[in-house]
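This report refers to the structure that appears directly beneath it.
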Amino acid sequence: MLLKNLKELQSSKQSKALKLKILYKLIAENGPIKTETLTELAQMKPATCARLLDELCHLELITTAELGESTGGRKPILYNINTEGVFLIGIELSKVYSTLVLMDLKLNMLDKIKLAPEPYLSASEMTQRLLPQIDSLLLKNNTSYHQVLGLGISIEHVVEHRLAFKSLDEEFREFETLLRKEIPTYVTVGSGVNFAALAEYRLYYRQKTQRFLFTSCDTEVRGCAIIGNQFLTDTSRAINCFGHMTIDVKGSLCECGSYGCLNTLCSLDAIKDNVTHQIRRGKDSVLTSLIDKDEEITYHAIFQAIEMCDPLCIDVLEEAAYFYGLAIANSILMLQPDIVVCGGTLIPKHNFFSTVKKTIENKLTLFPEIKTQIYPANHAYEIVSQGAGAMVLEHLVN
Ligand SMILES: [Zn+2]
């Protein structure tokens, strides 16, 4: 019933439905919330707001609770979205790990499945590999697609370096079309960094700021700004340019044709290349005992060496953190966000985050009027999947 009403609200183009969506979105983002606060945020007349709230209650899209402080008279009513029996699925496919997450409409994680990294698969192979995994996640939780509002999925980490003829955008659209054929609910394929930015913002920072920057350092360095509740750039495009800012004009050639891009200095591949290069030059590292002589050095082996406090790998990681910090500091000078959140695989490794933060702070001491705060991502490993769910909700109300 709830899912049916949500989908009806989503597809309706009537002007009343648009107002209902505005209110529903505000309740989803701010709930539990009082009528007065809601009326103010929605910039509606109290009578109009009350009438629309009644309708949302009648449709069972929202719930009410008599909570909060009583000031002598009637206790204030708090509104919240109804999450009963409707779910979201968020999926992050990546070269390092992949995660399928089942969530409620408030993006609370209910269950998850972790998948080992896959070699490159075509869109149709990926679809065939994924469908049974989704089925088993649903089955495990005694539910089915009939209770799923939508599914969001990020695939860029799996395909980005394997594209010979197609663009990442085309690959996204092809995968989306295939999944939509097979899956009987709304499907969106998008960029992990946008998903992660949206989830971090909605779950932890929405109340604190209107100027928010999220960046992540993985196989590529990416950035996404949310200013005044809106994405600063077009999120329907797969391409992310953040990693192509020039940091070192004398640096090495980037795949984009330019020299010394951020990606060539602190991405996972850059770290791997740097470590490999130094070992070939005969530098000592515990890595040589972790891998066979001719075997390629993997990210996992490097992470393992870092955990064993290998000086060479730690040095390379620290240098990457320094360049990443410089790039973020440059972006802060331009965008002046209140909050920057750093995500990605490298953030929890050794002192990576603290070096990033220190580098930014050193640069910004010269600009004391800029008071940007820097935080690590809250749940570095599942935030992309949660954001994929948040993107489904965005589609519902926009
Ligand atoms: Zn580049």
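The values are calculated or read from the model by the stated rules, or taken from the named source; none is laboratory data. As the structure is a computational prediction, the values presented were derived from the model and not from experiment. Glycine gets a Cβ as well: all are built from the backbone with ideal geometry, and neighbour counts include every protein chain shown.
Would you mind stating whether LEU93 is aliphatic (A, V, I, L, M) and modelled with pLDDT of 95 or more?
Details: aliphatic (A, V, I, L, M): yes; modelled with pLDDT of 95 or more: no.
So LEU93 does not fit the description; no.
Can you give me the ranges of the strands (runs of 3 or more DSSP E) entirely in region 49-143 with at least 1 residues that are in contact with a Lys or Arg (Cβ under 7 Å, 6 or more places away or on another chain)?
Filter on region 49-143 gives 62-66, 77-81, 98-103, 109-115.
Find all pairs meeting these conditions: Cβ atoms under 8 angstrom apart; at least six residues apart or on different chains; first residue within region 248-261 and free of Cβ contacts under 8 Å to residues at least 12 places away in the same chain; second residue near the ligand (Cβ under 8 Å from one of its atoms).
LEU253/THR264; CYS254/HIS244; CYS254/CYS261; CYS254/ASN263; CYS254/THR264; GLU255/ASN263
Take the residues in region 248-268 that are outside any loop (DSSP other than H, G, I, E, B), crowded, with 17+ Cβ neighbours inside 10 Å and not polar (S, T, N, Q); name whichever of them is nearest to the ligand (Cβ to nearest atom).
Let us first name the residues in region 248-268 that are outside any loop (DSSP other than H, G, I, E, B), namely 253, 259, 261, 263-266, 268.
With crowded, with 17+ Cβ neighbours inside 10 Å added as a condition, the list becomes 261, 263-266, 268.
Then drop every residue that is not not polar (S, T, N, Q), which leaves 261, 265-266, 268.
Numbers: CYS261: 3, LEU265: 10, CYS266: 13, LEU268: 15 Å.
Of everything passing the filter in region 248-268, CYS261 is nearest to the ligand (Cβ to nearest atom).
More than 16 Å from the ligand (Cβ to nearest atom), acidic (Asp, Glu) and more than 30 Å from the chain's Cα centre (by Cα): is that true of ASP284 in this structure? Lay out the reasoning, then the answer.
Values: more than 16 Å from the ligand (Cβ to nearest atom): yes; acidic (Asp, Glu): yes; more than 30 Å from the chain's Cα centre (by Cα): yes.
When the stated conditions are applied, ASP284 passes them.
Just a yes or no: is a residue in region 210-221 under 14 Å from the mean Cα position of the chain (by Cα) and without any contact (Cβ under 8 Å) to a residue 40 or more places away in the chain?
no
Consider GLU307 carefully, then state whether it is under 24 Å from TYR97 (Cβ atoms), more than 22 Å from the chain's Cα centre (by Cα) and surrounded by fewer than 15 Cβ atoms within 10 Å (Cβ to Cβ). Break it down into steps so the answer makes sense when it comes.
Values: under 24 Å from TYR97 (Cβ atoms): yes; more than 22 Å from the chain's Cα centre (by Cα): yes; surrounded by fewer than 15 Cβ atoms within 10 Å (Cβ to Cβ): yes.
So GLU307 fits the description; yes.
What is the residue count in region 176-191 for residues that are of a type outside the set (A, V, I, L, M, F, W, C), part of a loop (DSSP other than H, G, I, E, B) and farther than 27 Å from VAL221 by Cα? Explain how you work it out, then say what you get.
Step one: of region 176-191, the residues of a type outside the set (A, V, I, L, M, F, W, C) are 176-177, 180-182, 184-186, 188, 190-191.
Pick out the ones that are also part of a loop (DSSP other than H, G, I, E, B) and you get 184-185, 191.
Applying the additional criterion that residues be farther than 27 Å from VAL221 by Cα yields 184-185.
Residues meeting the conditions: 2.
Results for (1) surrounded by 21 or more Cβ atoms within 10 Å (Cβ to Cβ); (2) without any contact (Cβ under 8 Å) to a residue 24 or more places away in the chain, shown as yes or no for each residue.
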{"residue": "THR345", "(1), (2)": "yes, no"}
{"residue": "LYS357", "(1), (2)": "no, no"}
{"residue": "LYS363", "(1), (2)": "no, no"}
{"residue": "LEU366", "(1), (2)": "no, yes"}
{"residue": "ILE383", "(1), (2)": "yes, no"}
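Looking at region 225-247, which of its residues are away from the ligand (no atom under 12 Å from the Cβ) and among the hydroxyl-bearing types (Ser, Thr, Tyr)?
Taking region 225-247 as the starting set, the residues that turn out to be away from the ligand (no atom under 12 Å from the Cβ) are 225-238.
The answer is THR233, THR235, SER236.
Based on this model, can you work out whether THR209 counts as surrounded by fewer than 21 Cβ atoms within 10 Å (Cβ to Cβ), at pLDDT 90 or above and not in a helix (DSSP H, G or I)?
Details: surrounded by fewer than 21 Cβ atoms within 10 Å (Cβ to Cβ): yes; at pLDDT 90 or above: yes; not in a helix (DSSP H, G or I): yes.
Against the criterion (surrounded by fewer than 21 Cβ atoms within 10 Å (Cβ to Cβ), at pLDDT 90 or above and not in a helix (DSSP H, G or I)), THR209 qualifies.
Name, by its number, the condition in (1) within 16 Å of the ligand (Cβ to nearest atom); (2) among the polar types (S, T, N, Q); (3) not in a loop (DSSP other than H, G, I, E, B) that does not hold for ASN194.
Here ASN194 clears every test but (1).
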